[in-house]
Amino acid sequence: MRLRFFCALFFVFSFLFSQDKYPKDTFGSPLDIPLVLAGTFGELRSNHFHAGIDIKTQQRQGLPIYAIADGTVTRIKVSHWGYGKALYVAHPNGFTSVYAHLQKFGPEIEAYIRQQQYKKQSYEIELFPDYGDLKVEKGKVIAYTGNTGGSSGPHLHFEIRSSITEKPTNPLLYGYDVRDATNPTLVGLYGYPLADDAQINQGAQKVQLNFTKQKDGSFLADKVTAIGTIGFGFNGFDRQDMAANKNGVYAVKQTVNGKVYSEYDFESFSFGETRYINTLIDYRHFGKFKQRIQKCFKDESNKLSIYKTLYLDGKINIQEGLSYQVEIEIADIEGNDIKISIPIEGKRQELKIQKQIKKTENLVIASRPNSFDLEGAKVYFPESTFYQDFYIDLKKGKDTVSIHDGTVAAHRNFTISFDLTKHPKLNRKKSFIARIDEKGNLRYSKTYKRANTFSTRTKTLGTYTIAQDTIAPTIKPKNFKPKEWLSNYRYLSLRIQDDLSGINTYRATINGDWILMEYEPKTSTITYNFDDKIADQKQCDLKVVVTDNVGNSTTFEQTFFRK
Ligand SMILES: [Zn+2]
């Protein structure tokens, strides 16, 4: 027993130590075109860091994707949103490669998925094939590039994860050839007074700093006067050589008088921590200007593991009469970098700009659950919904409740409930909770209905309302007409739309048999491929039923012929 345990242990350790942390030249390229990036690993996205690289596909779809090494398919996911069609391949060296937003899979994998989709009668599906059931060989085609899911243009989203921890790692650490001799670009530089008595340039508020480019290519900020605990942040991006895309930077290092105060990079992170991006960026600034400032100091609520070095959490204590030289280095993964110097003089001066805290009657204590009764609506924030205490702005209108605004991030779901007792005439079946977005559009929020209470769970602050949708979805054929002969057609496609609550389900049959319709919400299109051979009879009676999120339903029926 004991011997077996030690043998197992020995095996695990010899496996771990025989490995390079990031083996170079082991993995092949997933594409046979030059690798040009539309997105880098760790890039700052909405509520998450980008977990892979986005490889541009020359504005095209359908480029073959090659397995980067021998392996076995361990997971397949097909969804309307997110990664769209995605493939996960585990390799014997302990890494899993991920390919997302695919147009379609390689023939063998595609056939396997179709079979399961017909069995489950669902386009959306998640499969975990048994180890070895779907083997792939290095360099063989496993899928084709596309634009499915939450993708705003054709590209391949490519990841390399640890198979054991599932932590995504930076794919560019494995020796991929991405031409990059271009330095990161600095857009803005900011100083933050962090303690109550701290000030920068006679202000107790965040201040934007001017900088000029020096002859040697470095940047020099105008001299700063400050006192107390302060920090810095910047807004910037990185470009590679062959594209104009503004991608994320790789590494940030801040030194004070030569000592490293903070240092982080995007070698790897975990999915469990990714939402803490909201503490790395100045979220208030982001909410107002849609521009991300990366802080060189770490907030107390910031649980990110990306830091290599931290001294005093990257915060700088400026004392009267002393001078300081702060250097910020921003680098891409190829080591192209820019240096910014900020000279600081420790000096207490008359405060000209006071700290502005907009006080409301409701103070949220982040470490506790907080609930608010707004006469007709309730809001419940579980403990640790927020990163820090703040005065929340809550307003109740006739049918609306406003929960602060987009300048504060929530880390977890909170609950909004509406009491409908005073709305006896409201059509409960056709009503739902909607968020009113920045453009004034109503966005369906998954609504739980119980007697006189409607509730929803969300992570998005803003204005919510009770909306009503009595109009059923529309269904229109895109490429065929009634009683038409479609013998030479390769596919059927229809446009399905819903004006308000949005499409919840769609179901199509031919002569009573379920057919697989691939739904692409970006183009409001559902598509059936005749290769599935469900419509083998001469007369085909097509029936499509589409239901919206409050149960309004439309049925479309049409006959066509094939031989
Ligand atoms: Zn991506």
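Scanning region 158-168 for residues being within 18 Å of the chain's Cα centre (by Cα) and open to solvent by 10 Å² or more (accessible area, probe 1.4 Å) gives a total of 3.
All conditions but one from (1) surrounded by 13 or more Cβ atoms within 10 Å (Cβ to Cβ); (2) within 22 Å of the chain's Cα centre (by Cα); (3) at pLDDT below 95 apply to Asp399; the one that does not is (2). For region 55-68, a residue qualifies if it is farther than 30 Å from Arg292 by Cβ and within 15 Å of the ligand (Cβ to nearest atom), and exactly one does: Ile65.
Applying the condition of being in contact with a Gly (Cβ under 8 Å, 6 or more places away or on another chain), within 14 Å of Asp241 (Cβ to Cβ) and not hydroxyl-bearing (Ser, Thr, Tyr) to region 172-195 and asking which residue is most open to solvent (accessible area, probe 1.4 Å) yields Asn183.
Restricting Gly52, Gly28, Gly71 to those that are within 14 Å of the ligand (Cβ to nearest atom), within 15 Å of Ile160 (Cβ to Cβ), open to solvent by less than 40 Å² (accessible area, probe 1.4 Å) and small (Gly, Ala, Ser) reduces the list to Gly52.
Scan Ile357, Ile365 and give me the residue that is under 30 Å from Tyr391 (Cβ atoms), at pLDDT 95 or above and not basic (Lys, Arg). Exactly one of Ile357, Ile365 is under 30 Å from Tyr391 (Cβ atoms), at pLDDT 95 or above and not basic (Lys, Arg), namely Ile365. Look at (1) surrounded by fewer than 18 Cβ atoms within 10 Å (Cβ to Cβ); (2) in contact with a Leu (Cβ under 7 Å, 6 or more places away or on another chain); (3) part of a strand (DSSP E or B) and you find that Lys449 fails only one, number (2).
Every condition in (1) in a loop (DSSP other than H, G, I, E, B); (2) more than 21 Å from Val550 (Cβ to Cβ) holds for Ser402 except the one numbered (1). Looking only at region 150-205, count every residue that is touching an Asp or Glu at 6+ places or on another chain (Cβ under 9 Å) and within 16 Å of the ligand (Cβ to nearest atom) and tell me the total. Looking only at that region, the number is 11.
Residues that are among the small types (Gly, Ala, Ser), at pLDDT 95 or above, out of contact with any strand residue (DSSP E or B) (no Cβ under 8 Å at 6 or more places or on another chain) and outside any loop (DSSP other than H, G, I, E, B) occur at least once in region 264-276.
Within region 346-366, the set of residues being in a loop (DSSP other than H, G, I, E, B) and surrounded by 12 or more Cβ atoms within 10 Å (Cβ to Cβ) comprises Lys347, Arg348, Gln349, Leu351, Lys355, Thr360, Ile365, Ala366. Flag: Gln199 matches the condition of being open to solvent by less than 20 Å² (accessible area, probe 1.4 Å) and modelled with pLDDT of 95 or more. Against the criterion of being hydrophobic (A, V, I, L, M, F, W, C), on the phi < 0 side of the Ramachandran plot, buried (at least 17 other Cβ atoms within 10 Å of the Cβ) and touching a Leu at 6+ places or on another chain (Cβ under 7 Å), Ile340 qualifies. Going through (1) assigned to a loop (DSSP other than H, G, I, E, B); (2) within 13 Å of Tyr464 (Cβ to Cβ) one by one, Tyr444 falls short only on (1).
Are any of the residues in region 32-49 more than 16 Å from the ligand (Cβ to nearest atom) and not acidic (Asp, Glu)? Yes. Checked against the criterion of being modelled with pLDDT under 95, small (Gly, Ala, Ser) and surrounded by fewer than 21 Cβ atoms within 10 Å (Cβ to Cβ), the candidates Ala243, Ala221, Ala251 yield just one match: Ala243.
Given the options Val98, Val89, Val78, Val136, name the one that is more than 25 Å from Leu37 (Cα to Cα), among the β-branched types (Val, Ile, Thr) and either open to solvent by less than 60 Å² (accessible area, probe 1.4 Å) or within 16 Å of the ligand (Cβ to nearest atom) (or both).
Values: Val98 fails: more than 25 Å from Leu37 (Cα to Cα); Val89 fails: more than 25 Å from Leu37 (Cα to Cα); Val78 fails: more than 25 Å from Leu37 (Cα to Cα).
Going through Val98, Val89, Val78, Val136 in turn, the sole match is Val136.
The condition of being at positive phi and either among the polar types (S, T, N, Q) or out of contact with any His (no Cβ under 8 Å at 6 or more places or on another chain) (or both) holds for only one of Lys533, Lys563, that being Lys533. Tallying residues that are crowded, with 18+ Cβ neighbours inside 10 Å, among the hydrophobic types (A, V, I, L, M, F, W, C) and modelled with pLDDT of 95 or more within region 452-496 yields 8.
Could you list, in sequence order, the residues of region 367-381 that are open to solvent by 100 Å² or more (accessible area, probe 1.4 Å) and either part of a loop (DSSP other than H, G, I, E, B) or under 21 Å from Ser301 (Cβ atoms) (or both)? Result: Arg368, Glu375, Tyr380. Being over 29 Å from Gln240 (Cα atoms), in contact with a Gly (Cβ under 6 Å, 6 or more places away or on another chain) and in contact (Cβ under 8 Å) with a residue 60 or more places away in the chain is a property that holds for Glu320. Taken over region 139-153, residues that are open to solvent by 10 Å² or more (accessible area, probe 1.4 Å), in contact (Cβ under 8 Å) with a residue 40 or more places away in the chain and within 28 Å of Asp265 (Cα to Cα) amount to 2. Checked against (1) touching a helix residue (DSSP H, G or I) at 6+ places or on another chain (Cβ under 8 Å); (2) open to solvent by 40 Å² or more (accessible area, probe 1.4 Å); (3) not β-branched (Val, Ile, Thr), Leu516 passes all but a single condition, namely (2).
Residue-level check: of (1) among the aromatic types (Phe, Trp, Tyr); (2) touching a Gly at 6+ places or on another chain (Cβ under 6 Å); (3) open to solvent by 30 Å² or more (accessible area, probe 1.4 Å), Tyr118 misses just (2). Residues that are within 16 Å of the ligand (Cβ to nearest atom), over 24 Å from Ser46 (Cβ atoms) and within 24 Å of the chain's Cα centre (by Cα) occur at least once in region 101-115.
The values are calculated or read from the model by the stated rules, or taken from the named source; none is laboratory data. Note that the structure is predicted; figures quoted are calculated from it, not measured. Here Cβ is always computed from backbone atoms with ideal geometry, including for glycine, and neighbour counts include all displayed protein chains. Only protein heavy atoms, including side chains, enter the accessible area calculation; ligands, DNA and RNA are left aside. Shrake-Rupley method; radii C 1.70, N 1.55, O 1.52, S 1.80 Å.
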